[in-house]
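J.: Take a look at this one; I'll ask things after.
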Amino acid sequence: MIQLRKSEPLISAGRYESFDSGHEAVFGYLRTLQERRLLVLGNFRGEPAGIQIPPEFADGTLLIGNHDDAVVSREMMLRPYEALGIVVEP
């Protein structure tokens, strides 16, 4: 994680913006640097949490996550304690 932070300016230098996931168990935030955007989501409960992500992230790329088989889509079901970061580029 530290290596990713050092190698990815979007994480360390991107402008922070809170993101309302619409689910009380899911914390989220956005980072923006120039045209690149990162959506970070974390499910802080021991049960699945269904959310909708912004349309522009539905075709994004999984940058990091604690499950290798996570699938990015508009309607997401985060597993218990799942955390991930989705990046979109112009």
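J.: Determine if segment 46-64 includes at least one residue that is without any contact (Cβ under 8 Å) to a residue 24 or more places away in the chain and polar (S, T, N, Q).
T.: No: segment 46-64 contains no residue that is without any contact (Cβ under 8 Å) to a residue 24 or more places away in the chain and polar (S, T, N, Q).
J.: Another one. Taking segment 24-41 as the search range and keeping residues that are among the aliphatic types (A, V, I, L, M) and touching a helix residue (DSSP H, G or I) at 6+ places or on another chain (Cβ under 8 Å), which one is most open to solvent (accessible area, probe 1.4 Å)?
T.: Going through the qualifying residues, I end up with Leu33.
J.: Follow-up. What's the number of the condition Ser12 fails, among (1) exposed (fewer than 12 other Cβ atoms within 10 Å of the Cβ); (2) over 12 Å from the mean Cα position of the chain (by Cα)?
T.: All conditions pass for Ser12, except number (1).
J.: Return yes or no: is Ser21 part of a loop (DSSP other than H, G, I, E, B) and open to solvent by less than 20 Å² (accessible area, probe 1.4 Å)?
T.: For Ser21, the condition - part of a loop (DSSP other than H, G, I, E, B) and open to solvent by less than 20 Å² (accessible area, probe 1.4 Å) - is met.
J.: If we scan segment 35-49, do we find a residue that is closer than 21 Å to Leu4 by Cα, in contact with a Pro (Cβ under 8 Å, 6 or more places away or on another chain) and basic (Lys, Arg)?
T.: yes
The values are calculated or read from the model by the stated rules, or taken from the named source; none is laboratory data. From a predicted model like this one, the values you see are computed outputs, not experimental measurements. For neighbour counting, all protein chains shown are included, and Cβ atoms are generated from backbone atoms with ideal geometry for every residue, glycine included. Just so you know, the surface numbers come from the protein's heavy atoms only, side chains and all, with ligands and any DNA or RNA stripped out. Shrake-Rupley method; radii C 1.70, N 1.55, O 1.52, S 1.80 Å.
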